[in-house]
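Novice: I am attaching a structure below and will ask some questions about it afterwards.
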Amino acid sequence: MSDTIFALSSAPGRAGVAVIRVSGPSAGGCTCALTGGALPSPRTAVLQRLRDVAGQPIDQALVLWFPGPASFSGEDMVEFHVHGGRAIVARVLAALSKMPGCRPAEPGEFTRRAVENGKFDLTQAEALKDLIDAETESQRIQALDQYGGALSTLYEDWRARLIRASAWAEAEIDFADEEVPLDLQGRSKAATSEIIQEIQRHLADSQRGELVREGMFLTLIGPPNAGKSSMLNALAKRDVAIVAETPGTTRDVLEARLDLGGYAVIVADTAGLRDVADAVENEGVRRALARAESSDLVLLLLDGSSPEPFEGLPSGIAGGASLTVWNKSDLPWPAPRKGLRLSLKTGEGFEQVLAAVEAKVAERLDLPREAPVLTRARHRYALEQAVAALKRALAVSETELFAEDLRLAARWLGRITGRIDIEELLDVIFRDFCIGK
Ligand SMILES: Nc1nc2c(ncn2[C@@H]2O[C@H](COP(=O)(O)OP(=O)(O)OP(=O)(O)O)[C@@H](O)[C@H]2O)c(=O)[nH]1
Ligand SMILES: [Mg+2]
């Protein structure tokens, strides 16, 4: 019999309400012990006074009883909604820890039990963590879609079709000496090619799902004093970077995680590009270029009032700048400029620049609504392995080897949803699954 686990499920700290959850065989016993009465009706909120073992009142609480298996974890569960004071929460947790068979939950343990009890699969457990972590609309929508089973359905469908195709191939081995009525081998190969194409289409998504989930990188780059740090502060609506008249103020890469048009974007401010003798500033320039090279978008910010021509971005930055913006439109400009006009001093043009940045982000990340997208490197790796096995299968002539490679590919797909090798995967996935800590 498993332990009964408990934890504060709402964020720690002072709040109007705090939710403490208990899951396991003693959840009902804990409820009766704390309330001093019978179990409430299932799934009905009941206001009850909680008392400790000595009979001292702790708080008035809403008690919700969820008998298994119709609960989040699949086990008997109870939720205590207490007033969210630290002393109250500490007292309830202390009372629970004294109950026989009860112990504090490990991070992610409620969800882990839900997976083990078949309430949902691994992609849904990952989506639950993404939902809790979602900071932007796109992350929320994507996570909710995955939590609803969009990826599970897709991967399980491929897996089921592969298992069927390998069964066809094996049937042909069994019937080797007899007349096989249908071209099973041919059907099996056709199904395999079709699945390869579908997985490859799913893989060729420019990593949009992963970028939505993890955030995409936007780098501000340009000559010293152009206003890059002012731009970061304006986008972040707070003082992230030091702004000063001295060219060469910024030397490190500074970043802020922002919500731009509903997407998570990590915006980096960098050192102004110029050739100098100063070793520290040179290192700053090297880092600026390295960051721009590895970014998804590059915003080139130039000083429109400066008479010195900008030599252009080094060729290392593939694709060049995604956007060119000329700052300091409040000052006289020596020549007309090609690109967006902006004054970070007066705010003129800022809305247009913001809209242009958001449009670039959306263009890169806008997700096709019809098909679920790949959201994790773990899934990508398994899908690539599956495709490799399927391609090998099509290249061999022996039916046994063909069927074996198909089963191997099905195994890789099963690893994504957790149909196989579940124990090993659970450890990896739930290690950092931790709410409010
Ligand atoms: N007149 C005017 N001054 C601006 C504008 N934007 C920024 N500045 C000023 O330009 C100077 C440089 O701004 P920063 O934001 O530090 O420029 P930077 O590109 O980060 O400079 P480095 O870190 O040295 O590369 C500061 O004195 C700002 O106040 C603008 O639109 N108009
Ligand atoms: Mg700066």
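Novice: Step by step: first the residues of segment 222-236, then only those that are of a type in the set (S, T, N, Q) and near ligand 1 (Cβ under 7 Å from one of its atoms), then the one that is farthest from Ala271 (Cα to Cα). Which residue is that? Walk me through how you get there before you give the answer.
Specialist: Restricting attention to segment 222-236, the residues satisfying the condition of being of a type in the set (S, T, N, Q) are 225, 229-230, 233.
Narrowing the set further to residues that are near ligand 1 (Cβ under 7 Å from one of its atoms) leaves 225, 229-230.
Numbers: Asn225: 9, Ser229: 9, Ser230: 13 Å.
Here the answer is Ser230.
Novice: Yes or no: segment 380-403 includes at least one residue that is modelled with pLDDT under 95 and of a type in the set (S, T, N, Q).
Specialist: The answer is yes; a qualifying residue exists.
Novice: Follow-up. Taking interchain pairs and intrachain pairs at least six residues apart, which have beta carbon atoms under 7 angstrom, with the first residue in segment 223-235 and more than 23 Å from Pro309 (Cα to Cα) and free of Cβ contacts under 8 Å to residues at least 24 places away in the same chain and the second within 6 Å of ligand 1 (Cβ to nearest atom) and among the β-branched types (Val, Ile, Thr)?
Specialist: Note: pairs meeting the criteria are Asn233/Val243.
Novice: Being in contact (Cβ under 8 Å) with a residue 60 or more places away in the chain, away from ligand 1 (no atom under 13 Å from the Cβ) and either touching a helix residue (DSSP H, G or I) at 6+ places or on another chain (Cβ under 7 Å) or of a type outside the set (D, E, K, R) (or both) is the filter here, so list the residues in segment 297-316 that pass it. So that I can check it myself, show each step before the final result.
Specialist: Initial filter on segment 297-316 (in contact (Cβ under 8 Å) with a residue 60 or more places away in the chain): 297-303, 306, 308, 310, 313.
Narrowing further to those that are away from ligand 1 (no atom under 13 Å from the Cβ): 297-298, 308, 313.
Across segment 297-316, the qualifying residues are Leu297, Val298, Leu313.
Novice: Out of curiosity, is Ser188 surrounded by fewer than 21 Cβ atoms within 10 Å (Cβ to Cβ) and more than 10 Å from ligand 2 (Cβ to nearest atom)?
Specialist: Numbers: surrounded by fewer than 21 Cβ atoms within 10 Å (Cβ to Cβ): no; more than 10 Å from ligand 2 (Cβ to nearest atom): yes.
Here the answer is no, as Ser188 does not meet what is asked.
Novice: Scanning segment 281-322 for residues that are in contact with a Pro (Cβ under 8 Å, 6 or more places away or on another chain) and outside any strand (DSSP E or B), which turns out nearest to Met216 (Cα to Cα)? Steps first, answer last, please.
Specialist: Step one: of segment 281-322, the residues in contact with a Pro (Cβ under 8 Å, 6 or more places away or on another chain) are 289, 302-303, 305-308, 310.
Next cut, outside any strand (DSSP E or B) only: 289, 305-308, 310.
Working: Leu289: 17, Ser305: 31, Ser306: 31, Pro307: 34, Glu308: 32, Phe310: 27 Å.
Filtering segment 281-322 for residues that are in contact with a Pro (Cβ under 8 Å, 6 or more places away or on another chain) and outside any strand (DSSP E or B), the one nearest to Met216 (Cα to Cα) comes out as Leu289.
Novice: Still on this structure, please answer the following. Checking the condition crowded, with 18+ Cβ neighbours inside 10 Å and either acidic (Asp, Glu) or free of Cβ contacts under 8 Å to residues at least 12 places away in the same chain (or both), which residue from Asp52, Asp76 passes? First the steps, then the outcome.
Specialist: Numbers: Asp52 fails: crowded, with 18+ Cβ neighbours inside 10 Å.
None of the others qualify; the one that does is Asp76.
Novice: Among the listed residues Ala169, Ala160, identify the single one that is free of Cβ contacts under 8 Å to residues at least 12 places away in the same chain, small (Gly, Ala, Ser) and on the phi < 0 side of the Ramachandran plot. Show your work before the answer.
Specialist: Working: Ala169 fails: free of Cβ contacts under 8 Å to residues at least 12 places away in the same chain.
After ruling out the rest, the residue left standing is Ala160.
Novice: Just give me the residues in segment 23-80 being assigned to a helix (DSSP H, G or I) and closer than 14 Å to Val92 by Cα, in sequence order. Break it down stepwise before answering.
Specialist: Just the residues of segment 23-80 that are assigned to a helix (DSSP H, G or I), to begin with: 27-35.
Listed by number, the residues that qualify are Ala27, Cys30, Thr31, Cys32, Ala33, Leu34, Thr35.
Novice: Yes or no: Glu358 within 22 Å of the chain's Cα centre (by Cα), in a helix (DSSP H, G or I) and exposed (fewer than 15 other Cβ atoms within 10 Å of the Cβ)? Steps first, please.
Specialist: On the way: within 22 Å of the chain's Cα centre (by Cα): yes; in a helix (DSSP H, G or I): yes; exposed (fewer than 15 other Cβ atoms within 10 Å of the Cβ): no.
Criteria not met by Glu358.
Novice: Additional query: Would you mention how many residues in segment 339-375 are modelled with pLDDT of 90 or more, basic (Lys, Arg) and over 18 Å from Phe217 (Cβ atoms)?
Specialist: Number satisfying all stated conditions: 2.
Novice: Can you tell me which residue is farthest from Phe66 (Cα to Cα) among those in segment 89-108 that are out of contact with any helix residue (DSSP H, G or I) (no Cβ under 7 Å at 6 or more places or on another chain) and crowded, with 19+ Cβ neighbours inside 10 Å?
Specialist: Val89
Novice: Quick test of your reading of the structure: Phe310 fulfils all but one of (1) out of contact with any Ser or Thr (no Cβ under 9 Å at 6 or more places or on another chain); (2) away from ligand 2 (no atom under 16 Å from the Cβ); (3) among the hydrophobic types (A, V, I, L, M, F, W, C). Name the failing condition by number.
Specialist: (2)
Novice: Follow-up. Out of curiosity, is Asp303 within 14 Å of ligand 2 (Cβ to nearest atom) and of a type in the set (Asp, Glu)? Step through it out loud before you land on a result.
Specialist: On the way: within 14 Å of ligand 2 (Cβ to nearest atom): yes; of a type in the set (Asp, Glu): yes.
Considered against the rule, which asks whether it is within 14 Å of ligand 2 (Cβ to nearest atom) and of a type in the set (Asp, Glu), Asp303 comes out as yes.
Novice: Please name all residue pairs, on different chains or six or more residues apart, with Cβ atoms under 6 Å, provided the first residue is in segment 262-287 and is over 29 Å from Ala362 (Cα atoms) and the second residue is modelled with pLDDT under 95 and away from ligand 2 (no atom under 11 Å from the Cβ).
Specialist: From segment 262-287, no pairs qualify.
Novice: Is it the case that some residue within segment 240-255 is over 22 Å from Val212 (Cβ atoms) and away from ligand 1 (no atom under 12 Å from the Cβ)?
Specialist: Going through segment 240-255, the residues over 22 Å from Val212 (Cβ atoms) turn out to be 240-254.
Add one more test, that the residue is away from ligand 1 (no atom under 12 Å from the Cβ), and what stays is none.
Looking through segment 240-255, none of the residues is over 22 Å from Val212 (Cβ atoms) and away from ligand 1 (no atom under 12 Å from the Cβ).
Novice: Taking segment 319-334, which residues are within 14 Å of ligand 1 (Cβ to nearest atom), under 23 Å from Asp296 (Cβ atoms) and not aromatic (Phe, Trp, Tyr)? Talk me through it step by step, then tell me what you get.
Specialist: The initial filter retains those residues of segment 319-334 that are within 14 Å of ligand 1 (Cβ to nearest atom), namely 325-333.
Now narrow it down to the ones that are under 23 Å from Asp296 (Cβ atoms): 325-327.
Across segment 319-334, the qualifying residues are Val325, Asn327.
Novice: Does Val276 qualify as being surrounded by fewer than 17 Cβ atoms within 10 Å (Cβ to Cβ), away from ligand 2 (no atom under 13 Å from the Cβ) and not in a helix (DSSP H, G or I)? Please lay out each step first, then the result.
Specialist: Numbers: surrounded by fewer than 17 Cβ atoms within 10 Å (Cβ to Cβ): yes; away from ligand 2 (no atom under 13 Å from the Cβ): yes; not in a helix (DSSP H, G or I): yes.
Spelling it out, Val276 is indeed surrounded by fewer than 17 Cβ atoms within 10 Å (Cβ to Cβ), away from ligand 2 (no atom under 13 Å from the Cβ) and not in a helix (DSSP H, G or I).
Novice: Here's another thing I want to ask about it. Can you name every residue in segment 385-412 that is among the aliphatic types (A, V, I, L, M) and more than 18 Å from Gln197 (Cα to Cα)? Can you show your working first?
Specialist: Residues of segment 385-412 that are among the aliphatic types (A, V, I, L, M), as a first pass: 386-390, 393-396, 401, 403, 406, 408-410.
Val396, Leu401, Ala403, listed by residue number.
Novice: Let me ask something else about it. Kindly provide the set of residues from segment 146-194 that are basic (Lys, Arg) and modelled with pLDDT of 90 or more, ordered by number.
Specialist: Quick first cut of segment 146-194, residues basic (Lys, Arg) only: 159, 161, 164, 187, 189.
Across segment 146-194, the qualifying residues are Arg159, Arg161, Lys189.
The values are calculated or read from the model by the stated rules, or taken from the named source; none is laboratory data. This one's a predicted model, so the numbers in the text were calculated from it and none came from an experiment. Glycine also receives a Cβ, built like all others from the backbone with ideal geometry; neighbour counts cover every protein chain displayed.
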